[in-house]
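The values are calculated or read from the model by the stated rules, or taken from the named source; none is laboratory data. Bear in mind that the values here come from a model prediction, so they are computed numbers and not experimental data. Cβ coordinates were reconstructed from backbone atoms using ideal geometry, including for glycine residues, and neighbour counts include every protein chain displayed. What goes into the accessible areas is simple: the full protein's heavy atoms, side chains included, and nothing from ligands, DNA or RNA. Shrake-Rupley method; radii C 1.70, N 1.55, O 1.52, S 1.80 Å.
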Amino acid sequence: MASTPSGFLAEFKTFIARGNVMDMAVGVIIGGAFSNITNSLINDMIMPVLGIFTNSISFADLAVNAGPAVITYSNFIQAVLNFLIMAFVVFCLVKAMNAFHRKKEETPPPPVPPEPSAEEKLLTEIRDLLKDK
């Protein structure tokens with residue numbers, strides 16, 4: 001199934017123009033900016049405090065020498081903390097969105113007026129007959 005170049009480009013244009021793709025692009029951009037905030041939080045606030053408890057002047061300097069290789073496990077710990085913070089924030093956002101959607105769904109529809117009784121129907125017919133005369 002080979003598609004023509006113009007057909008491929010038209011299909012790509014349709015794909016890009018979808019709202020979901022644009023929402024995803026905005027999410028990726030905001031996520032990248034939020035990643036910088038998270039990195040700063042970890043590197044500038046949490047790691048120095050952890051460095052105090054590990055008797056290290058700089059937590060970023062924690063490493064193990066294994067022959068010629070240097071294993072900087074502090075970088076791994078920073079990456080794990082970044083992931084946990086990002087996952088927690090995403091969890092909170094999804095939880096808030098779910099609560100918002102639940103509230104939206106729970107709004108009851110307006111009550112349907114009850115059907116008129118036989119007596120009301122009869123009175124309506126009498127009224128309409130009197131109007132016509």
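Leaving ligands, DNA and RNA out of it, work out the accessible area of I37 with a 1.4 Å probe and give it in Å² to the nearest 10.
110 Å²
Answer with a single label: of [x] 1.15; [y] 1.05; [z] 1.44, which was calculated as Rg/Rh (Cα atoms, Kirkwood Rh) from the structure in view?
This structure yields the entry labelled [z].
In the chain, which whole DSSP H runs stretch at least 27 Å along their own axis (Cα) and average 0.0 or higher on the Kyte-Doolittle scale?
19-41, 73-106
Roughly how big is the chain's charge dipole about its Cα centre, with Cβ charges of +1 (Lys, Arg) and -1 (Asp, Glu), in debye to the nearest 20?
Around 160 debye, computed over the chain.
Just to be sure I understand: with springs between alpha-carbon atoms less than 10 Å apart, which residue in P113, P68, P48 has the highest mean-square fluctuation in the Gaussian network model of the chain?
Highest fluctuation of the listed residues: P113.
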